[in-house]
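See structure below.
The values are calculated or read from the model by the stated rules, or taken from the named source; none is laboratory data. Bear in mind that the values here come from a model prediction, so they are computed numbers and not experimental data. FYI the Cβ positions are ideal-geometry reconstructions off the backbone, even for glycines, and counts take in every protein chain you see. What goes into the accessible areas is simple: the full protein's heavy atoms, side chains included, and nothing from ligands, DNA or RNA. Shrake-Rupley method; radii C 1.70, N 1.55, O 1.52, S 1.80 Å.
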Amino acid sequence: MAATPDPKPLISPSDMKVVEHVLNMGGGYVLNFSDRTFEEFVAHEIGIDATAPRYSIDGGSKAKRLRRILHSLTSGKQAQLLQALLRHRDSPAYRSAGDILDDEWRSAYNEIVRGLEQKVTDADNTYAASSWTGRRTLREQVAIVRGVAPLASRELDELASIIEKKRFNDPITADAVQCLRDLHSQLGELIAAVDRGNLTRQAVEAIEGNRQRLAHYIGEGAKLAVVAPAMTFGIMHILAWITGVPTDSTLVSTVFGTIVGADALKSFSKKSSIAP
């Protein structure tokens, strides 16, 4: 099953050339990082595992992985990572004889960072005039999407890949994997909507609809809970937090029933006490 296409990059091709020049990304390198120090740096700065397979689709070099990582981030996180990389370039830890950054390149790079930060500011200014009718305030919802939607998106992609590798041939599991892919795509659109400042309740409700559909597939025997029960439950709970709809404990009992083989747990129908 084909993966969901990536969203349109927030950094334009011409701007990316500036980024690559400043960060010395020719030949697959990124500044003076080794594989280990690059992975440690990315994990420390933005909490991303740079060794994840999804970042090596184009190849395993540091430059190719950085392009993929940047492509996966919101504008705010892109600005954060680019600023951190420039600080490293300016620090004593970066020692490349004669490699002094020209003021013109520095200015162009900083302008890209400011543009990404401006996207966040523009979006925040737009929210004040938005007609949001959700349970939370709009700013609360935006903060939640920014904080946890990228994590949920990565986990959905990873879970779908794990299940696909098992090559189950039952239709219900195939439907569940497609639902995971659909949710991954919807979350990408939701994150982009936050960056543009036009988050709508309809977009959040569409994710909730697919979350409920996924819960149905799990209840009907999709192999997600068999292969990765904790991951499945964690994803469902994160999605519930994003949409603001409490996790029905029927789903909780289904997942745990799969783990312990206790079908009787499925009869439990109250709302979960851990729901957001």
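Results for (1) at pLDDT 85 or above; (2) buried (at least 21 other Cβ atoms within 10 Å of the Cβ), shown as yes or no for each residue.
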position	(1), (2)
LEU138	no, no
ILE163	yes, yes
ARG167	yes, no
ALA176	yes, yes
LEU183	yes, yes
VAL204	yes, yes
Restricting attention to segment 61-82, does a residue exist that is over 24 Å from VAL142 (Cα atoms) and not in a helix (DSSP H, G or I)?
-> yes
Sole exception among (1) at pLDDT 80 or above; (2) over 22 Å from GLY197 (Cα atoms) for GLN118, by number = (2)
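So which residues in segment 140-149 are open to solvent by less than 30 Å² (accessible area, probe 1.4 Å) and touching a residue at least 60 places away in the same chain (Cβ under 8 Å)? Steps first, please.
Looking only at segment 140-149, we keep the residues that are open to solvent by less than 30 Å² (accessible area, probe 1.4 Å), and these are 141-142, 144-145, 149.
Hits for segment 140-149 are GLN141, ILE144, VAL145, ALA149.
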Log entry, pairs with first residue in segment 53-71 being surrounded by 17 or more Cβ atoms within 10 Å (Cβ to Cβ), second being among the polar types (S, T, N, Q), beta carbons closer than 8 Å, six or more apart or on different chains, reads TYR55/SER72; LYS64/SER56; ARG65/SER56; ARG68/SER56; LEU70/GLN78
Tell me, yes or no, whether segment 89-103 has at least one residue that is under 25 Å from the mean Cα position of the chain (by Cα) and assigned to a helix (DSSP H, G or I).
-> no
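Mind listing whichever residues of segment 185-200 are part of a helix (DSSP H, G or I) and crowded, with 16+ Cβ neighbours inside 10 Å?
First pass over segment 185-200, keeping only residues part of a helix (DSSP H, G or I): 185-196.
Once the filter is applied, which keeps residues that are part of a helix (DSSP H, G or I) and crowded, with 16+ Cβ neighbours inside 10 Å, segment 185-200 yields SER185, GLN186, LEU187, GLY188, LEU190, ILE191, ALA192, ALA193, VAL194, ASP195.
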Single match in VAL19, VAL30, VAL42 (criterion: outside any helix (DSSP H, G or I), at pLDDT 90 or above, crowded, with 20+ Cβ neighbours inside 10 Å and among the β-branched types (Val, Ile, Thr)) = VAL30
Expected output for segment 193-207 (first residue at negative phi, partner basic (Lys, Arg) and buried (at least 19 other Cβ atoms within 10 Å of the Cβ), Cβ below 6 Å, 6+ apart or cross-chain) is ASP195/LYS119
